[in-house]
Amino acid sequence: MLVGVFQGSSTNVGNGLIAFHTVGAQSVMLAGNVMAIAVGAGGTRIGLTRGRSIISMALGTAGLIAFPLFMADVFTGWMWNIGLFERAVIYPIMIGRVLLGSGVAAAQRHRATHPPTPLTAQVVN
């Protein structure tokens, strides 16, 4: 919400409100990638395949690795290809959400078309 309310405009840079944009963006970058790792770690419990779980963890890890590179680029003032580093942090979050949503939807479709086998009790004399 902070990123949308306090946009990264030159006006907000000038009046100091860019700090709210920055805090919001950095929070999303860190929490989103940590969430991708957490979803991957517990993916089988919510119906994700092993492959989707591994990919989710790898994406989150890659995003967390790219975060310090992005921050170093910002804080040093180099601004060398800052868009590339920012996307390296954000895109894993978005791809991870697509994997999560499509994986849960596929698991629900599978359960709907393959109902569980009812348990039967047998009495042995």
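The values are calculated or read from the model by the stated rules, or taken from the named source; none is laboratory data. Just so it is clear, the structure is predicted and the values come from calculations on it, not from any experiment. Quick reminder, even Gly has a Cβ in these numbers, built from the backbone with ideal geometry, and neighbours come from all protein chains shown. Just the protein is used for accessible areas: all its heavy atoms, side chains included, with ligands, DNA and RNA removed. Shrake-Rupley method; radii C 1.70, N 1.55, O 1.52, S 1.80 Å.
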Query raised in the report: Does Ser53 satisfy being polar (S, T, N, Q), part of a helix (DSSP H, G or I) and touching a Ser or Thr at 6+ places or on another chain (Cβ under 9 Å)?
Result: yes
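Counting just the residues of the stretch 44-58 that are touching a residue at least 40 places away in the same chain (Cβ under 8 Å) and open to solvent by less than 50 Å² (accessible area, probe 1.4 Å), which one comes out nearest to Arg109 (Cα to Cα)?
The residue in question is Gly47.
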Query raised in the report: Quick one: what pairs do we get from the stretch 66-79, first residue on the phi > 0 side of the Ramachandran plot, second at pLDDT below 80 and assigned to a helix (DSSP H, G or I), C-beta under 8 Å, 6+ apart or different chains?
Result: none
Query raised in the report: Taking the stretch 19-39, which residues are closer than 11 Å to Gly96 by Cα, in contact (Cβ under 8 Å) with a residue 40 or more places away in the chain and open to solvent by less than 60 Å² (accessible area, probe 1.4 Å)?
Result: Gly32, Asn33, Ala36, Val39
